[in-house]
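Novice: Pasting in a structure now, in structure tokens, and then I'll have a few things to ask.
Quick note: the coordinates plus some simple rules give every number you see, no bench work behind them. Only a predicted model underlies this, so the values are computations on that prediction, with no experimental measurement involved. Glycine gets a Cβ as well: all are built from the backbone with ideal geometry, and neighbour counts include every protein chain shown.
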Amino acid sequence: MNLKPDIRKFSSEEMIAEFEKLSEPKFRAKQVHEWLWKKSARNFEEMTNLSKDLRTKLSEQFSFYSVTENIVQKSSDGTVKLGMKLHDDRLVEGVMIPDDERNTACVSSQVGCTLSCTFCATGFLKRERNLEAGEIYDQVVLLNKHAIEHSGKQLTNIVYMGMGEPLLNYDNVMQSIRYITSPDGLNMAQKRITVSTSGIVRGIKRLADEGMKFNLALSLHAPTNEKRNKIMDINQSNPLEEVMDALNYFYEKTGNKITFEYILFDKFNDSIEDADRLYYLTDQVPSFVNIIEFNNVTGVDLRKAKRENRDTFVEYLRNKEVNVAIRRSRGKDIDAACGQLANKND
Ligand code: SAH
Ligand code: SF4
């Protein structure tokens, strides 16, 4: 077993203390910290302003668990899905979605997911472990390379909408956001980041208290407890009233509107009554609604709503002045669309 501590687990202060133990000066620790988070080094060898001896010493003392690219799939619409390997040979997926003026990275927060929403391919996998902050950060770095390759431009947005429930890996997700947004890290704007949750009340409240400016999306998918319980087990312990309170608290603290994600399922949540119920929820907190097309997942008997029902549903909401968008599905031909991430190619 490898017992060398992970170099990327140390804060900058802890790094200085570690370096002191090795009789290395403070500025060396700072240089290494900069290599890790600002220059996105993937191993000690890349740290070229350190002596060869020091690089060897560091690799003897510490592990460096960088994520590597395993499989690259490109969709006809330009979407790139990356299968990535972790140091323990586990696999996760991330997606780069190019658009006219944006390049969005969709990153995973866990290997698999503990929750088993009935419509989601990731939910069928067992949760194997949480990702480390460095492993989430690496996905951004690797996807950024593809963004540049594709369009000559960097990533503009990051969504925590890959595999896993970010708020059940709270500390590492927050730490990754700090490395991605800090001037000592990748220096991306907080407002370009969206964390999506199935509705973990405690986690939403904690996020609100972080004093940061990123966005929050709720995977709502059904407008009443009764219906939501049927497709999202998490709703049993985190009922809608409590989730709505937490969302309001998030809005009060951050001033950021909430995004409600709503997959339209045929004859399950696509009636006018459902639309009205959704309107009632959106009226309780400043928000947007994203209507998501259901992507087929093998073994799931829910179906996507009929086009005319979708249009009537959306029209109803628009008439009530709800801010609603229909989200186009991307990367379907390579199973890179929402809910389709399930490590099929291992
Ligand atoms: N666990 C978090 C983050 C994953 S985000 C969450 O659930 O919010 C993945 C998004 O894709 C969520 O909005 C999820 O509800 C949605 N999704 C899952 N399965 C889907 C499917 N088959 N078709 C379309 N969207 C799906
Ligand atoms: Fe997990 Fe989100 Fe999929 Fe539900 S929708 S199983 S919470 S990844």
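Novice: Quick one: divide the alpha-carbon radius of gyration of segment 220-308 by 2.2 N^0.38 Å and tell me what you get.
Specialist: That works out to 1.12 for segment 220-308.
Novice: Farthest toward the dipole's positive end in segment 7-61, which of Trp37, Met15, Leu54, given Cβ charges of +1 (Lys, Arg) and -1 (Asp, Glu) about the Cα centre?
Specialist: Among Trp37, Met15, Leu54, the one farthest towards the positive end of the dipole of segment 7-61 is Trp37.
Novice: Cα-Cα over 23 Å: which of Lys30/Lys205; Lys4/Lys85; Lys191/Lys320?
Specialist: Among Lys30/Lys205; Lys4/Lys85; Lys191/Lys320, the Cα-Cα distance tops 23 Å for Lys30/Lys205; Lys191/Lys320.
Novice: Which residues' amide hydrogens lie under 5 Å from the amide hydrogen of Val195, considering only partners 5 or more residues apart or on another chain, with H built in the peptide plane?
Specialist: Tyr160, Asn215, Leu216, Ala217
Novice: Now, a different point. Where nothing but the Cβ of Lys and Arg (+1) and of Asp and Glu (-1) is charged, how large is the charge dipole of segment 68-334 around its Cα centre, in debye to the nearest 20?
Specialist: Charge dipole, segment 68-334, about its Cα centre: 260 debye, nearest 20.
Novice: Using the Kirkwood formula over every pair of different C-alpha atoms, what hydrodynamic radius in Å results for segment 64-148?
Specialist: Its Kirkwood hydrodynamic radius stands at 13.4 Å.
Novice: When you have a sec, figure out the Kirkwood radius of segment 7-61 from all distinct Cα pair distances and drop it here in Å to one decimal?
Specialist: So the Kirkwood estimate lands at 11.0 Å.
Novice: Just name one of Ala105, Asn130, Val67: the one whose Cα is farthest towards the positive end of the charge dipole of segment 64-151 (beta-carbon charges, Lys/Arg +1, Asp/Glu -1).
Specialist: The residue sitting farthest along the positive end of the dipole is Asn130.
Novice: Computed over the Cα atoms of segment 222-272, what is the ratio Rg over Rh, Rh following Kirkwood?
Specialist: 1.03
Novice: Helix 133-151 sits at what angle to the longest principal axis of the chain, using alpha carbons and giving 0 to 90 degrees rounded to 10?
Specialist: 80 degrees
Novice: Which aspartates and glutamates have a Cα less than 18 Å from the Cα of Lys126, not counting those fewer than 8 places away in the same chain?
Specialist: Cα-Cα hits under 18 Å: Asp88, Asp89, Glu93, Glu165, Asp233, Asp346.
Novice: Order these peptides, 58-69, 214-225, by their mean beta-carbon neighbour count within 10 angstrom, highest first.
Specialist: My ranking of the peptides, most packed first, is 214-225, 58-69.
Novice: As a test of the definition: which semi-axes, in Å, follow for segment 1-120 when you take the square root of five times each eigenvalue of its alpha carbon gyration tensor? Largest first, please.
Specialist: 34, 18, 13
Novice: Right, here's the next one. Could you tell me the convex hull volume per residue, in Å³, taken over the Cα atoms of segment 163-244?
Specialist: Hull volume normalised by residue count: 96 Å³.
Novice: May I pose another question? When only Cα pairs under 8 Å and 6 or more residues apart are kept, what is the percent relative contact order across the chain?
Specialist: Over the chain, the number comes to 14 percent.
Novice: Compute the acute angle (0 to 90°) between the alpha-carbon long axis of helix 26-37 and the principal axis of greatest extent of the alpha-carbon atoms of the chain; round to the nearest 10°.
Specialist: 40 degrees
Novice: Per the Cauchy relation, a quarter of the hull surface: what is the mean projected area of the convex hull of the alpha carbons in the chain, in nm²?
Specialist: 18.0 nm²
Novice: Express the Stokes-Einstein translational diffusion coefficient of segment 107-203 in µm² s⁻¹, to the nearest whole number, given a Kirkwood radius over alpha-carbon pairs, 25 °C and a viscosity of 0.890 mPa s.
Specialist: Here the translational diffusion coefficient equals 177 µm²/s.
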